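The values are calculated or read from the model by the stated rules, or taken from the named source; none is laboratory data. These numbers come from a predicted model, not from an experiment. With ideal geometry, Cβ positions are generated from the backbone for all residues, glycine too; neighbour counts draw on all protein chains shown.
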Amino acid sequence: MPCIPVSAGRHDRRHHRQHHMGGFGLVELAVALAVLAALLYFLLDRVLYMQEMAEKTEVEETIRSINYGLRLEAASHLARGPESKRLPLEIDNPIKWLKAPPRNYLGEYAKVPAGTKPGFWYFDPGSRQLIYRPNRAEHLTINGKKGKELRFAVQSNEGASQPRLQPYPPYVWFENPAGGNR
């Protein structure tokens, strides 16, 4: 029987063990990257969804604040009587009734300045409408179509005691119809 050195057999086993414990194979690396990519996709999708939901909430809070200021302004008009020299509420810029304009309010423009990124308010003096251009509008529908901007106008209804800032036309953002702002 041939004599095999003991160290030669151990060397082969050690070399074999080191070869298999060295790290990821190509298949394992591809699977790990695919799983990581899927997780990042779902995380990004959730982050974008939450950003749009936060933007919707901010718009609704701005409208609530304007409606509150509008009620105060209407009460002021009523207290001064019909000779008040102020503009009718339907004509005036509703942002003037806030203590401070929203941080993303551009001002009064007939046409939006070129190069302005979405996510801002402006007042169109020609149409007498307050307009908001959303940054994220994946879940926004205006008249059954994907919307690019929300328009609001002060309306005095005969049956209502106070004028309100109403969406024109009405919109749905995340399946919640607008127009019921307090």
Please verify whether VAL112 is within 15 Å of the chain's Cα centre (by Cα) and either at pLDDT 95 or above or of a type in the set (A, V, I, L, M, F, W, C) (or both), treating the condition exactly as stated. no
Restricting attention to segment 124-162, the residues that are farther than 26 Å from GLU175 by Cα and in contact with a helix residue (DSSP H, G or I) (Cβ under 7 Å, 6 or more places away or on another chain) number exactly 1
Subset of segment 120-134 [in a loop (DSSP other than H, G, I, E, B) and either among the aromatic types (Phe, Trp, Tyr) or exposed (fewer than 14 other Cβ atoms within 10 Å of the Cβ) (or both)]: PRO125, GLY126, SER127
So which residues in segment 95-113 are in contact with a strand residue (DSSP E or B) (Cβ under 8 Å, 6 or more places away or on another chain) and not in a loop (DSSP other than H, G, I, E, B)? ILE95, TYR105, LEU106, GLY107, GLU108
For ALA114: the one exception among (1) within 18 Å of SER156 (Cβ to Cβ); (2) out of contact with any His (no Cβ under 8 Å at 6 or more places or on another chain): (1)
Residue count, segment 111-139, condition in contact (Cβ under 8 Å) with a residue 40 or more places away in the chain and either at negative phi or hydroxyl-bearing (Ser, Thr, Tyr) (or both), comes to 9
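Would you say THR116 is of a type in the set (Val, Ile, Thr) and assigned to a strand (DSSP E or B)?
On the way: of a type in the set (Val, Ile, Thr): yes; assigned to a strand (DSSP E or B): no.
Against the criterion (of a type in the set (Val, Ile, Thr) and assigned to a strand (DSSP E or B)), THR116 does not qualify.
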Say whether the condition of being modelled with pLDDT of 90 or more and either more than 21 Å from TYR168 (Cβ to Cβ) or touching a helix residue (DSSP H, G or I) at 6+ places or on another chain (Cβ under 6 Å) (or both) is met by at least one residue in segment 81-95. yes
Which numbered condition trips up LYS117, out of (1) surrounded by 12 or more Cβ atoms within 10 Å (Cβ to Cβ); (2) of a type outside the set (S, T, N, Q); (3) modelled with pLDDT of 90 or more? (1)
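Can you confirm whether ARG64 is surrounded by 11 or more Cβ atoms within 10 Å (Cβ to Cβ), in contact (Cβ under 8 Å) with a residue 12 or more places away in the chain and more than 16 Å from TYR132 (Cα to Cα)? Please lay out each step first, then the result.
Details: surrounded by 11 or more Cβ atoms within 10 Å (Cβ to Cβ): yes; in contact (Cβ under 8 Å) with a residue 12 or more places away in the chain: yes; more than 16 Å from TYR132 (Cα to Cα): no.
It is false that ARG64 is surrounded by 11 or more Cβ atoms within 10 Å (Cβ to Cβ), in contact (Cβ under 8 Å) with a residue 12 or more places away in the chain and more than 16 Å from TYR132 (Cα to Cα).
Give the residue that is surrounded by the fewest Cβ atoms within 10 Å (Cβ to Cβ), with candidates limited to residues of segment 141-173 that are part of a strand (DSSP E or B) and touching a residue at least 40 places away in the same chain (Cβ under 8 Å).
Narrowing segment 141-173 to residues part of a strand (DSSP E or B): 141-142, 145-146, 150-155, 164-167, 171-173.
Checking the rest, the ones that are also touching a residue at least 40 places away in the same chain (Cβ under 8 Å) come to 150, 152-155, 164-165, 173.
Numbers: LEU150: 25, PHE152: 25, ALA153: 17, VAL154: 24, GLN155: 13, ARG164: 21, LEU165: 23, TRP173: 24.
Ranking the candidates gives GLN155 first.
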